Amino acid sequence: MNALGRAFTSLKTEGVRSTAWRSAKYLANRFSPFVATPLSSVYREDVIAVDWTKPRNFNGESIAGIDGKYRIAWVITPPSRTSGGHQNAFRFMSFLEEAGHDLTVYLYSPGKFPVVNLEEIQSMMQSMSAYPELAGELKLYDPATGFAPGYDAIVASDWEATYAAYRYEGAAKRFYFAQDFEPFFFAEGSDYVLAENSYRLGFHGIAAGQWLGERLRTDYGMSCDAYDFAVDTTRYTFANTARRTEIAFYARPPTPRRATEFGLLALSEVARLRPDITINLVGWDMSGYDVPFPYVNHKAVDIAELDAIYNRCAAGLVLSLTNMSLLPMELMASGVVPVVNDAPNTRGVFDSPDVEYVPMSPRAIAERLIAIVDRPDAVENGARIARAVSETDWSDPASQFIGSFEKAMRTAL
């Protein structure tokens, strides 16, 4: 049966709406330029040039640098206003500059659209308090020309960027600034394979948190350090000492690992059982999504605005299906009890008695959120956990990162 015949049969048996849906889906899948396809985020010539089955010894020699200072190229996908991973990576770039090292940032962007405009990106970062101001130059990576000569180290902070870093012909050491287990971003297919192979390229890893660091060492044999998470208590403080009847949820639909849709299931049960509880959605503009309950849409607010929102809330729901988020610690500093999915990847980063770890059941999550709002000592408990966070002797991630980097540069790994 040809396409016209199938359309006629569908119209007769399923009706106009179903037939229109089938037709639109067919056209979108076949002709839409907006559908992400495997390998669309990586330069294919980079991937073809990299044969990880023939290991290169990138880190077998020590590099002294000039007076202990190094010239570094950091390659990363283009940042955006809402990407916490990019904000964190640029923060660690600033640590390198503060330690006296010379930095050049290369943006890795294979897609034809949108066009990467360096001036617009720099303007965007200057307008956001989460992005530090860097002294180093911002460049666009071109696989035809690669990196400039003379670098002592190449740092990659996305799986795609590792293939570019691998191709550098100089004697630079190679580092992987790993913030998540990135194969989990995909179903098992071409992108999954390439993301997983990025751990087999012979780089030295510096991982966000001990869970990820241990996984890279154990499963892939990477030489890998890890820095501990910490919270900036100058940004997040316990300011509202009144009883709180609101909750917050970090909602980010374009990021599947944050399980936005699952969280909305739990919150719909909260709204059914307790319509008096105000639900705040933070992280993304949810106005175009099917949210089946009343909510406050905070969209993707600047980091400077989060503390005021948190201080209205008794509990905060944070779901992390891969590496843990910084949000639970930040919520606690504002006197909010975090409700987090109970899993090795969350407890392996921050196993605190003040975090409510709950199995991935919408009803169980809803009941725990309501119980936190209703606890008789909610105000006192919020003050206590905020005080515990502020009094914790946090490991300084800047010192850990710089120490790991400089030691690796001076050491034959």
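Quick rundown of the values:
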quantity: Assigned charges on the beta-carbon of Lys, Arg, Asp, Glu; segment 287-413 dipole about Cα centre (debye); calculated: 240
quantity: Net charge of Cβ neighbours under 13 Å - reference D191; Lys, Arg +1; Asp, Glu -1; calculated: -4
quantity: Potential lengthening between L273 and I303 on full extension [0.36 nm per residue; Cα-Cα distance subtracted]; calculated: 7.7 nm
quantity: Label-point separation in nm, T53 to N381, each point 7 Å along Cα→Cβ; calculated: 5.6
quantity: Cα coordinate range in segment 84-226, projected on the principal axes (Å, largest first); calculated: 40, 36, 33
quantity: Ranking by accessible area, most exposed first, for I48, I121 with a 1.4 Å probe; calculated: I48, I121
quantity: Directionally averaged projected area (convex hull, Cα atoms, segment 124-191), nm²; calculated: 6.5
quantity: Tensor-based shape of segment 39-78 (alpha-carbon gyration tensor, a/c under 1.5 rounded, otherwise prolate or oblate); calculated: oblate
quantity: Beta bridges per DSSP with both ends in the chain, % antiparallel, nearest 5; calculated: 0
quantity: Extension gain from L413 to E137, taking 0.36 nm per residue of separation minus the Cα-Cα distance; calculated: 96.4 nm
quantity: Over segment 264-337: Kirkwood hydrodynamic radius from C-alpha pairwise inverse distances, Å; calculated: 13.3
quantity: In segment 209-247, trypsin sites (Lys or Arg not before Pro) in a DSSP loop with at most 12 other beta-carbon atoms within 10 Å; calculated: R243
quantity: Distance in nm between pseudo-label sites at S395 and E367 (7 Å out along the Cβ direction from Cα); calculated: 3.6
quantity: Binned Cα-Cα distances of segment 69-109, short to long, each 10 Å bin given as a whole percent; calculated: 29, 53, 17, 0
quantity: In segment 107-207, the GluC sites (Glu not before Pro) that fall in loop regions by DSSP, at most 15 other Cβ within 10 Å; calculated: E133, E169, E188
quantity: Charge dipole (the chain, unit charges on Cβ, about Cα centre) - positive-most of W21, T104, V50; calculated: W21
quantity: Binned Cα-Cα distances of segment 367-413, short to long, each 10 Å bin given as a whole percent; calculated: 21, 25, 19, 17, 13, 5
quantity: Cβ-placed point charges (K, R +1; D, E -1), dipole of the chain about Cα centre in debye, nearest 20; calculated: 1400
quantity: The chain: Cα Rg divided by the 2.2 N^0.38 Å rule of thumb; calculated: 1.09
quantity: Extension gain from T218 to R167, taking 0.36 nm per residue of separation minus the Cα-Cα distance; calculated: 15.8 nm
quantity: Compactness index (Cα Rg / 2.2 N^0.38 Å), segment 230-292; calculated: 1.31
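The values are calculated or read from the model by the stated rules, or taken from the named source; none is laboratory data. Model, not experiment: these values are computed from the prediction. Every residue, glycine among them, receives a Cβ derived from its backbone with ideal geometry; neighbour counts consider all protein chains shown. Keep in mind that these areas ignore ligands, DNA and RNA; they rest on the heavy atoms of the full protein, side chains included. Shrake-Rupley method; radii C 1.70, N 1.55, O 1.52, S 1.80 Å.
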